[in-house]
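Report on one structure; see the data block that follows.
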Ligand SMILES: Cc1cc2nc3c(=O)[nH]c(=O)nc-3n(C[C@H](O)[C@H](O)[C@H](O)COP(=O)(O)O)c2cc1C
């Protein structure tokens, strides 16, 4: 059994954590994941330079609901003053954790020496982290990758040195910067790092099911497991994983009505949070997950993504749901123009 301990307040058994994801782990989705059992949730990364300049849009990303606790707010950057100041700004909102991103692989971030670029300059990473840790009272955690590329894996050295400057936990996305999201995550490094440090180590990368969560704990001795892509439009994965860890049994998967109900509730929250236009447009990334493996999901998705109001989407989805429940395959075929016969 693993216990995740961060700071004085966080102590969670077999913790399953929602990964920070840009434009995905915003308040509405975090609240939904929390409701389905995510033990800790993280905000998307927020630019320290933008926070430093008090950019309204970035400040808004810090906002969270009390129900989300414990929550980590993630910042990224490469420069001392903006990083220290943005950590203080984040602290003034009183989340539970301040997380630093040293794992982002995208060009625009790396070219400014932030994110995964720090894996090429561990001295700088350690120094910047020390400054942030010293500037705030909240626990500071770090999320990073194994190294810049497979030939330069530095995670063991970096983990030890980050522990020395006072971070409270380390999340390892078990890929390199060069891998981006390709190739298989190599969890074996988590087991190695666990031998070296005594701070909690959170495993991340390619955890796609409740069984993967259990295997990650068993194979590596990690202190928590973090799920990213597999949770998009599938908050149910947290309930499944927690239930499996506690009972050894996989619970019944949600039926179509439960999936569509949660999807619509999530959409409504998104609209309340962002306004109808943005709320609808920026929700498009979630439909594939909510409709995954349902008959003719792609046809349904292509209808809802062009819909211009919540009411229209509700009507399409509820109609689809009713037809599935009634087993009315031929009607669904007509309405959603199915070419192939489908069994379900
Ligand atoms: C759409 C998307 C956005 C992401 N944004 C962030 C981010 O803001 N901060 C971060 O640390 N990682 C970010 N990541 C990386 C994830 O947190 C995670 O490390 C990665 O997806 C691997 O985990 P997974 O295999 O469970 O998806 C992002 C990943 C995706 C797919």
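A short reminder: the numbers here are calculations on the coordinates, not readings from a lab. Since this is a predicted model, take the numbers as computed values, not measurements. All Cβ positions, even for glycine, are placed from backbone atoms using ideal geometry, and neighbour counts span all protein chains on display.
Numbers for the structure displayed
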{"item": "Gyration tensor (alpha-carbon) shape descriptor, region 22-71, a/c threshold 1.5", "result": "prolate"}
{"item": "Fraction of antiparallel bridges per DSSP, the chain only, in percent to nearest 5", "result": "15 percent"}
{"item": "Over region 1-144: Kirkwood hydrodynamic radius from C-alpha pairwise inverse distances, Å", "result": "15.2 Å"}
{"item": "Simple spin-label estimate for residue 112 and residue 81 in nanometres, 7 Å along Cα-Cβ", "result": "1.6 nm"}
{"item": "Choice from 147, 72, 279 with maximal GNM fluctuation in the chain (Cα, 10 Å cutoff)", "result": "279"}
{"item": "Rounded tilt (10° steps) of 210-220 against the dominant C-alpha axis of the chain", "result": "20 degrees"}
{"item": "The chain, relative contact order in percent, only Cα pairs under 8 angstrom and at least six apart counted", "result": "13 percent"}
{"item": "Region 105-159 pair-distance distribution - Cα-Cα, 5 Å bins, rounded %", "result": "4, 19, 27, 25, 16, 7, 2, 0"}
{"item": "R0 of 22 Å, Cβ-Cβ distance residue 65-residue 22: FRET efficiency to nearest 0.05", "result": "0.65"}
{"item": "Binned Cα-Cα distances of region 175-311, short to long, each 10 Å bin given as a whole percent", "result": "11, 32, 29, 21, 6, 0"}
{"item": "Tensor-based shape of the chain (alpha-carbon gyration tensor, a/c under 1.5 rounded, otherwise prolate or oblate)", "result": "prolate"}
{"item": "Estimated 222 nm signal from helices in the chain, with DSSP H stretches of n ≥ 4 weighted -39500 (n - 2.57), rounded to 500", "result": "-13500 deg cm²/dmol"}
{"item": "Helix 310-326 axis, angle to the chain major axis (alpha carbon atoms, nearest 10°)", "result": "70 degrees"}
{"item": "Cα gyration tensor shape of region 256-335, rounded if a/c is under 1.5, else prolate or oblate by comparing a/b with b/c", "result": "prolate"}
{"item": "Between 0 and 90°, nearest 10: helix 256-274 axis offset from the chain longest Cα axis", "result": "60 degrees"}
